[in-house]
1. Any residue in the range 115-124 that is within 16 Å of the ligand (Cβ to nearest atom) and assigned to a helix (DSSP H, G or I)?
2. I'm told residue 93 meets every condition in (1) within 29 Å of residue 186 (Cα to Cα); (2) out of contact with any strand residue (DSSP E or B) (no Cβ under 8 Å at 6 or more places or on another chain); (3) surrounded by 14 or more Cβ atoms within 10 Å (Cβ to Cβ) except one. Can you identify the failing condition by its number?
3. Please go through the range 95-114 and give me each residue that is over 21 Å from residue 20 (Cβ atoms), modelled with pLDDT of 95 or more and assigned to a loop (DSSP other than H, G, I, E, B), ordered by number.
4. Could you please find all residues in the range 157-185 being open to solvent by 70 Å² or more (accessible area, probe 1.4 Å), touching a residue at least 12 places away in the same chain (Cβ under 8 Å) and out of contact with any helix residue (DSSP H, G or I) (no Cβ under 6 Å at 6 or more places or on another chain)?
5. Please go through the range 68-88 and give me each residue that is hydroxyl-bearing (Ser, Thr, Tyr) and near the ligand (Cβ under 6 Å from one of its atoms), ordered by number.
6. Return the residue satisfying two criteria in turn: it lies in the range 1-20 and is open to solvent by 60 Å² or more (accessible area, probe 1.4 Å) and more than 10 Å from the ligand (Cβ to nearest atom), and of such residues it is modelled with the highest pLDDT.
7. Conditions first: (1) free of Cβ contacts under 8 Å to residues at least 40 places away in the same chain; (2) aliphatic (A, V, I, L, M); (3) under 15 Å from residue 8 (Cβ atoms). Residue 56 passes all but one, so which condition is the exception?
8. Can you name the condition, by its number, that residue 43 falls short on among (1) closer than 24 Å to residue 149 by Cβ; (2) within 11 Å of the ligand (Cβ to nearest atom); (3) surrounded by fewer than 16 Cβ atoms within 10 Å (Cβ to Cβ); (4) more than 16 Å from the chain's Cα centre (by Cα)?
Amino acid sequence: MTNNGLLIVFSGPSGAGKDTILKRLMEKNPNIRLSVSATTRRPRTGEANGTDYFFISKEKFEVMNAGGEMLESAQYCGNCYGTPAAPIRRWCSEGCDVILEIEVQGGRQVQQKCPDAVSIFILPPSMDVLERRLRSRGTEEESVIQKRLEKAREEIAESSHYDYYVINDTVDDAVEKINRIICAEKQKVHRNANLIERMLNHAETIC
Ligand code: 5GP
């Protein structure tokens, strides 16, 4: 996929604060589009089909996956998740920056298929803070919290192939750092292949 927009893989363990960061990031950047994944898991209270996820059956997921409709797919805690490729292609070709909020196996697939993608892994300030954040939600039983902590450790241990780590100490700080990453990535020479040609042909103004 070649485009003017960035494809951004955004991962991190449950409790790292990805959703809050993304919400703030989208408010500040109208050019960003957030991919809506397909999943076979059941909707949680308050989740809407087509907004949070496309909630589909396992059979439909398998047909889509086998038909090459997914950019990546993975199993997570017994459910299937995948990124429908068509909207990503469209948004990228329109010059939008596209964020995929996905787990690490999917992140690796996207890095292999789209080497130009930028990958960011969100970390909590410490494992203690992560545990506190998971507990403060107050919605899960002890066994679920323990499972999520174990999964978080696994995901963090597998994160070394990402391009950037951003520690979510405060949301504002994390959003600022991500904005700087996006900005710096866009200035990279290989993403501006036509710039010099246009400039030398006087179509571009130097300022
Ligand atoms: P949840 O079920 O809590 O919404 O998501 C569980 C995990 O699946 C999260 O780490 C989330 O980032 C990841 N996830 C959501 N959508 C996708 C997707 O399309 N592909 C992959 N690989 N992971 C996803």
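The values are calculated or read from the model by the stated rules, or taken from the named source; none is laboratory data. These numbers were taken from a predicted model, which means no experiment stands behind them. Don't worry about glycine lacking a Cβ; one is built from the backbone with ideal geometry, like all the others, and counts go over all protein chains shown. Accessible surface areas use protein heavy atoms only, side chains included; no ligands, DNA or RNA. Shrake-Rupley method; radii C 1.70, N 1.55, O 1.52, S 1.80 Å.
1. Keep residues of the range 115-124 that are within 16 Å of the ligand (Cβ to nearest atom), which gives 117, 119-124.
Cutting the leftovers down to assigned to a helix (DSSP H, G or I) gives us none.
Scanning the range 115-124 turns up no residue that is within 16 Å of the ligand (Cβ to nearest atom) and assigned to a helix (DSSP H, G or I).
2. (3)
3. 96, 114
4. If the condition is that a residue be open to solvent by 70 Å² or more (accessible area, probe 1.4 Å), touching a residue at least 12 places away in the same chain (Cβ under 8 Å) and out of contact with any helix residue (DSSP H, G or I) (no Cβ under 6 Å at 6 or more places or on another chain), then 163, 165, 167, 169, 172 are the ones that fit.
5. Taking the range 68-88 and keeping what is hydroxyl-bearing (Ser, Thr, Tyr), we get 73, 76, 81, 83.
Within the range 68-88, 76, 81, 83 meet the criteria.
6. As a first pass, look at the range 1-20 and keep what is open to solvent by 60 Å² or more (accessible area, probe 1.4 Å): 1-2, 4, 19-20.
Imposing the further condition that a residue be more than 10 Å from the ligand (Cβ to nearest atom) reduces the set to 1-2, 4, 20.
Values: 1: 43, 2: 44, 4: 70, 20: 95.
Per the stated criteria, the residue is 20.
7. (3)
8. Result: residue 43 passes all but (1).
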